[in-house]
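Engineer: Have a look at this one.
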């Protein structure tokens with residue numbers, strides 16, 4: 001299973017290929033950290049909003065029928081960086097399916113934003 005980690009040894013650690021590989025590996029394996037036999041699940045930081053700004057969304061959003069480009073604030077994000085349509089049927093599936101994860105969101109909002117911007121650049 002972990003034999004596919006080998007390619008990263010052939011690329012410089014900061015190379016685009018290595019970063020793409022690490023992101024792909026992270027999302028394909030859905031790594032969960034275990035500590036003392038407990039699974040720690042990250043809760044979304046209210047007021048962060050990075051996932052509503054950094055990525056592009058191709059699905060229709062109320063007020064943005066063609067989705068939104070990367071780096072553009074979603075019109076459904078309020079002044080406190082909370083989703084106005086959270087839990088409603090008009091919310092795109094991609095938004096509802098996104099779950100906060102320490103590997104993506106980190107410890108602070110600025111790290112979440114920079115990680116999601118980089119992920120968008122690598123996959124966009």
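Residue by residue, here is whether (1) surrounded by 14 or more Cβ atoms within 10 Å (Cβ to Cβ); (2) under 17 Å from the mean Cα position of the chain (by Cα); (3) modelled with pLDDT of 55 or more holds:
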| site | (1), (2), (3) |
| --- | --- |
| 16 | no, no, yes |
| 36 | no, no, no |
| 41 | no, yes, yes |
| 52 | yes, yes, yes |
| 95 | yes, yes, yes |
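Engineer: Looking at this structure, is residue 101 surrounded by fewer than 18 Cβ atoms within 10 Å (Cβ to Cβ) and either in contact (Cβ under 8 Å) with a residue 40 or more places away in the chain or at negative phi (or both)?
Structural biologist: Numbers: surrounded by fewer than 18 Cβ atoms within 10 Å (Cβ to Cβ): no; either in contact (Cβ under 8 Å) with a residue 40 or more places away in the chain or at negative phi (or both): yes.
Against the criterion (surrounded by fewer than 18 Cβ atoms within 10 Å (Cβ to Cβ) and either in contact (Cβ under 8 Å) with a residue 40 or more places away in the chain or at negative phi (or both)), residue 101 does not qualify.
Engineer: Given the structure, is residue 66 at pLDDT 90 or above, loosely packed, with under 12 Cβ neighbours inside 10 Å and assigned to a loop (DSSP other than H, G, I, E, B)? Walk me through it before giving the result.
Structural biologist: On the way: at pLDDT 90 or above: yes; loosely packed, with under 12 Cβ neighbours inside 10 Å: yes; assigned to a loop (DSSP other than H, G, I, E, B): yes.
Yes; evaluated as a whole, the condition is true for this residue.
Engineer: Looking only at the range 69-93, which residues are exposed (fewer than 14 other Cβ atoms within 10 Å of the Cβ) and either in contact (Cβ under 8 Å) with a residue 40 or more places away in the chain or under 19 Å from residue 121 (Cα atoms) (or both)?
Structural biologist: 69, 71, 73
The values are calculated or read from the model by the stated rules, or taken from the named source; none is laboratory data. Please read all numbers here as calculations on a predicted model, not as lab measurements. No Cβ is skipped: glycine too gets one built from the backbone with ideal geometry, and neighbour counts run over all protein chains shown.
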